[in-house]
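Notes for the one structure printed next.
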Amino acid sequence: MVQCHSGSDQPPETIKVHDAEGALQDTIRPGRIELDEENPLHFRYKFSKIGNASPPAPPSQLNLQGRLLTYLRGAPVEHPSLLHKCAAEVFGTFLIVLFGCGVVTAATVSSAQSGLWQVAAVWGFGVAIAIYCTASSSGAHLNPAISLAFALVRPEDFSWAALLPYWAAQLIGAILGGLVNLAAWNSTLKAFEDKRGISRGDSSSVLTAACFGEYFPNPGFQYSAATTSGDSPALNAALGWVDDDVTPAGAMLIEAWGTCVLAFVIFALTDPRNKVMVRKEMVPFFIGFTVAVLISIYAPLTQAGWNPARDFGPRLVAACTGWGEIAIPGPRNGFWVYIVGPMLGAPVGAGLHDFLISRGYGATNKAD
């Protein structure tokens, strides 16, 4: 229980913390938000102790539930271990796929979302939520391309030794998200396919495979689900797009460009010298909003991946659960586009900020 003491309507000067029985446990003074020098998205309120408050009760005086919770929570740490960071990357990437692929599936099989922006907005909020939940532990990269950019451009914030563990964690999280998406929607995906005479693994099954991996042009725009029947998807007559309208090389460049913009924004918002956002609480929201804006622009062309784990993890799930070669290697062997493109684009965007734009920020103390 927390009791606040203040002489005015301003924020409390002191906070007294009591246990369930009312005994005083601690007295703290709120401090300012400071950034963890190891992690530009690792932020938390810091407190300074005052007075001679009684120490917390030792574990031996706690009841069974209290002892169990103390054991499960573990001792507080100043900096999370690599294992804890990787666990956060698993869960954060899982959340991105859960929300993102989930909304694509809902829009595909039920038309629950009306228009691309509704899908893009859910993606963006999903990214923001995932960052809010994990940033104070791992920095919330949640994207192999962003991890690579940090290792290349800001090695003082993210070491090369952590890169492969982060990549593995992100892929695991994406696979788990793909599995949950399949478990939740499999029966309705089958109903969607059965109504149109689609068999998984046929060329027309790209319409449902796109709920997991990504394709170019976007099957939801290139083809008409309403008129598709059998193993060949029907073209959307209103657009008249054919495969050659978006080539593999062109799709890769779009993926590289979109990820470049995303990385530029991330590195700009997390730079401690950027005085526009002195307090970093809104950083996750604006990163998510950037994702939503980019999706609304480029999703008709490539489905707007920007994240190799987000694409390849669910794509693996699809490949192993009936979609086969439609998932990997995909039409025109195009799965590599969503790995190579973001991996090229993210370091470029990060470098554009840190080596060009940020040189105009001037020097600052990270503790400011």
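The values are calculated or read from the model by the stated rules, or taken from the named source; none is laboratory data. Predicted model, so just to flag it, every value in this text is computed and none were measured. Cβ atoms come from the backbone with ideal geometry, glycine included; neighbour counts cover every protein chain shown. Each accessible area value is taken on the protein alone, full model and side chains, heavy atoms only, with ligands, DNA and RNA left out. Shrake-Rupley method; radii C 1.70, N 1.55, O 1.52, S 1.80 Å.
At a glance:
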read-out	value
Residue selected from segment 234-250 under the condition over 30 Å from the mean Cα position of the chain (by Cα) and in a loop (DSSP other than H, G, I, E, B), by the criterion nearest to L189 (Cα to Cα)	A234
Residue identified as hydroxyl-bearing (S, T, Y), at negative phi, at pLDDT 90 or above and over 18 Å from the mean Cα position of the chain (by Cα) among S81, S48	S81
Matching residues, segment 141-161, being open to solvent by less than 10 Å² (accessible area, probe 1.4 Å) and of a type in the set (A, V, I, L, M)	L142, A145, I146, A149, A151
Members of segment 207-245 that are open to solvent by 10 Å² or more (accessible area, probe 1.4 Å) and of a type in the set (V, I, T)	T227, V242
Boolean, A140 is on the phi > 0 side of the Ramachandran plot, under 13 Å from the mean Cα position of the chain (by Cα) and of a type in the set (G, A, S)	yes
In segment 316-332, the residues that are surrounded by 20 or more Cβ atoms within 10 Å (Cβ to Cβ) and free of Cβ contacts under 8 Å to residues at least 12 places away in the same chain	A319
Residue among E281, E255 that alone is acidic (D, E) and open to solvent by less than 10 Å² (accessible area, probe 1.4 Å)	E255
L182 being in contact with a helix residue (DSSP H, G or I) (Cβ under 7 Å, 6 or more places away or on another chain) and open to solvent by less than 40 Å² (accessible area, probe 1.4 Å)	yes
From the options E193, E89, residue that is among the charged types (D, E, K, R) and more than 22 Å from W323 (Cα to Cα)	E89
